[in-house]
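One structure below.
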Amino acid sequence: MRNALAIAGKELRGYFASPIGWVICGLFSLIFGWFFYTYLEYFVRNSMQSDMGQGGPMNINLSLIRPLFSNATVIILFVLPSITMRTYSEEKRSGTIELLLTSPVTDWEIIIGKFLGAMGLYCSMLAATMVYMAILFAYGQPEWKPLVAGYLGLVLMGGCFISMGLFISSLTKNQIIAGIATFIAGLMFWVINWLGDNASPTTAAILSYLSITEHFDDFAKGVVDTKHLIFYLSFIAFGLFLTSKSVDTERWKG
Amino acid sequence: MIEVQHLTKRYGPVTAVDDISFRVEQGEILGFLGPNGAGKTTTMRILTGYMPATDGKAIVAGFDVFAKPIDAKARTGYLPETPPLYPDMTVREYLTFVAKLKMPKKTTAADRRARVEAIMKKTFVDDMAARHCGKLSKGYRQRVGLAQALIHDPEVLILDEPTAGLDPKQIIETRDLVRSLKGDHTVVLSTHILPEVAQTCERVVIINKGRVVAVDTPENLTRQLRGSSSLYVQVDVTGGDAHATLRSVPGVTKVDVADRHEGFVGYELHAEQQRDVRRDVARAIVDRGMGLLEMRPMRMSLEDIFLQLTTNEQSAPGEAPTPAGQAAEGGSHA
């Protein structure tokens, strides 16, 4: 485990030693902030109207935080491939993978280390968005429990994209290919339930179960359902398992 | 310390390493010599646990690299062909990271720091400690790579072309460093620079096309392969049959024309082993009224041996009783 943490630390430092980490965090905050602003403006305008007697009372969790989280999933879909694309590809291209594979470290320690490193960057991205939430708490009374559930959902959903990105990155030396392939794969898992519209009920149920974002809806509402937890955790575990198989195969091929 | 038995590595239809066996004793420096693509790097990668072999066994520091990879790796230092550096890390950060991975887990942070500083001094990179690895010159990269391999004071060191890309002064420093490791560490280094082998290694394994062609000390290899000593003689041939004259000298077994100029010819003489024919050759030529212009012994350098061994194999794969074949057999049983 200490090896995994050493690798996670190296990964995280790697993100912030180069511009990548800062650029990703910055752009993410920018887009998130833009969404936040538009929803906030919409919310303020509507609540003023509801004060004047038009429509019912406004709920900040329901009409601001929830759509904001749903939009965050889109940004994450775009941003996470750029975090994971270099994890293995870059090590393979530059030959540093030789250092890791000849150190007294198991494949799993490397994989867990890389996963935690990417999660670290992702979580710091999410942490930056808490500033916006703090603004809400300063000027309003949102409920904090759905907020925690939403963040938990974002972390888990991001974990799925990261574990998938790690696997795809372990397949190629080229980080651009890894990035694009991860984005496409993520998009597939995102829209897979759209196919269900014209399919039989069973197929539709399966397809919607496979959709990463479908499982997020409950989290955005503030509901933590074990069904979704299990889906996300097993998705992450499966991605990491595939990565370990891919690393092992690569060894044999040489 | 290192024992390799019938190691074979195939990449699909290509056999990169074909049934290699050799041993390296504790504290020894073994040179691994071969043309590009001979299987040096593949063998080293197998020994370091980077990739598994298709067949055969490799024991490093008492541990089978396939069955107990973590134990074997903890006792092995490896410098790959391209030093595995992270460009965004400073030299100190990088070595600290490697120390965390490779040094025993009970090592304290203070010990680790001290070790990183000590190894930077030892490999002459301490003046670049705060520089990013990506901004280092080739020589420094190579030495940081060496520092990385040495950081956990491994019993076995495997160096893939440690002097490649260095300037002459750095080459000498690196060689001295490698030589200073002798005794405490068992070293296997690969190279295609032959004088390097003669200077640093106690034994040489020559491999070609994935097979061991010779295992011996550099001196023995030179001696065995010299076979007959040869002589270069340049003669002013006006007024005599130099070829016949040389042929008639007792002890001379073979006369070849090496080069031909207007009026004089260079010959290459092969004499019986341990027999000095120079006086007789000189007298014979002068006595027949010809002019002796030049005479010098033709020594076989390690280069010639290397070429002979690695090209023999190509032209006559089945023929065993060449000196090379004997050397290989003698070596693998040693």
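The values are calculated or read from the model by the stated rules, or taken from the named source; none is laboratory data. Just so we're clear, the structure is a prediction, and the values are computed from it rather than from any experiment. As a convention, Cβ positions derive from the backbone with ideal geometry for all residues, glycine included, and neighbour counts pool all protein chains shown. Remember, those area values only see protein heavy atoms, side chains included, never the ligands or the DNA or RNA. Shrake-Rupley method; radii C 1.70, N 1.55, O 1.52, S 1.80 Å.
Things worth noting here:
- Sorting B:153-162, B:84-93, A:89-98, B:11-20 by average packing, meaning the other beta carbons within 10 Å per residue, from highest down gives B:153-162, B:84-93, A:89-98, B:11-20.
- Cα-based Kirkwood hydrodynamic radius, the protein assembly as shown, one decimal, Å: 28.8
- Anisotropy class of region A:193-254 from Cα gyration tensor, a/c 1.5 cut: oblate
- For B:LYS40, the solvent-accessible surface computed with a 1.4 Å probe is close to 10 Å², ligands and nucleic acids excluded.
- Solvent exposure ordering (accessible area, 1.4 Å, most first) of A:MET52, A:MET188, B:MET44, B:MET103: A:MET52, A:MET188, B:MET103, B:MET44
- Taking the convex hull of Cα positions in chain B, its mean projected area over all directions (nm²): 21.0
- Using the Karplus relation 6.51 cos²θ - 1.76 cosθ + 1.60 with θ = phi - 60°, the per-residue 3J(HN,Hα) values for region A:131-146 come to 4, 4, 5, 4, 4, 4, 5, 5, 10, x, 10, x, 7, 7, 5, x Hz, with x marking Gly and Pro.
- Over region B:122-220, Cα pairs under 8 Å with separation of 6+ residues give a relative contact order of 21 percent.
- Calculated over region B:228-298: convex hull of Cα atoms, volume per residue (Å³): 68
- Solvent-accessible surface ranking, highest first, for B:CYS201, A:CYS123 at 1.4 angstrom: A:CYS123, B:CYS201
- Probing with 1.4 Å while keeping every protein chain in the model, the per residue accessible area of region A:1-141 equals 44 Å².
- Accessible-area value, B:LYS254, 1.4 Å probe, nucleic acids and ligands omitted, Å²: 100
- If only the Cβ of Lys and Arg carry +1 and only the Cβ of Asp and Glu carry -1, the dipole of the protein assembly as shown around its Cα centre is close to 1000 debye.
- The residues of region A:222-254 occluded by other protein chains by 50 Å² or more of accessible area, set against the chain on its own, are A:ARG251, A:TRP252; surface from heavy atoms, 1.4 Å probe.
- Scaled radius of gyration (Cα, divided by 2.2 N^0.38 Å) that region B:12-110 gives: 1.25
- Highest-first arrangement of B:288-294, A:73-79, where packing means the average Cβ count within 10 Å: A:73-79, B:288-294
- With contacts taken as Cα pairs under 8 Å at a separation of at least 6 residues, chain A carries a relative contact order of 27 percent.
- Along region B:96-104 the Karplus relation, 6.51 cos²θ - 1.76 cosθ + 1.60 evaluated at θ = phi - 60°, assigns HN-Hα couplings of 5, 4, 4, 4, 4, 6, 9, 6, x Hz to successive residues, with x for each Gly and Pro.
- Computed accessible area, A:TRP108, all protein chains, 1.4 angstrom probe, square angstrom: 110
- When accessible surface is computed with a 1.4 Å probe, chains A and B are found to bury approximately 2600 Å² between them, both chains counted.
- Shielding by partners, peptide B:104-110 (average Cβ within 10 angstrom, other chains): 1
- Averaged over the residues of B:201-210, the number of partner chain Cβ atoms lying within 10 Å of the residue Cβ comes to 0.
- Amide H contacts of B:ARG203 (H built 1.01 Å from N, in plane; Pro and chain starts excluded): B:ILE29, B:GLY31 sit under 5 Å, all sequence-distant by 5 or more or on other chains.
- By the Cα gyration tensor, chain A has an equivalent ellipsoid whose semi-axes, rounded to whole angstrom, run 36, 22, 15 from largest to smallest.
- For B:THR253, residues with placed amide H under 5 Å, excluding near neighbours: B:HIS270, B:ALA271, B:GLU272
- Rounded to 5, the percent of DSSP beta bridges in the protein assembly as shown classed as antiparallel: 70
- For chain A, the residue among A:VAL23, A:VAL74, A:ILE7 whose Cα projects farthest onto the positive side of the dipole built from Cβ charges is A:ILE7.
- Each Cα pair under 8 Å and six or more residues apart adds its separation to the average, and for region B:228-298 the resulting relative contact order is 49 percent.
- Charge dipole (region B:228-298, unit charges on Cβ, about Cα centre) - positive-most of B:THR245, B:ALA271, B:LEU293: B:ALA271
- Where both bridge residues fall in region B:60-219, DSSP classifies roughly 40% of the beta bridges as antiparallel.
- Under Karplus coefficients 6.51, -1.76 and 1.60, residue-wise ³J(HN,Hα) of region B:175-183 in Hz, glycine/proline x: 4, 4, 4, 4, 4, 5, 7, 3, x
- Shielding by partners - mean other protein chain Cβ count within 10 Å, residues of A:8-19: 3
- Part-to-part distance (alpha-carbon centres) for region A:235-254 and region B:142-200, which is given in Å: 34
- 1.4 Å probe accessible area per residue over region B:228-298, in Å²: 56
- Sulfur and carbon atoms: percent of accessible area, the protein assembly as shown [1.4 Å]: 58
- Near B:TYR11, the amide H atoms lying under 5 Å from its own belong to B:ALA16; only residues 5 or more places off or on other chains count, and H is placed 1.01 Å from N.
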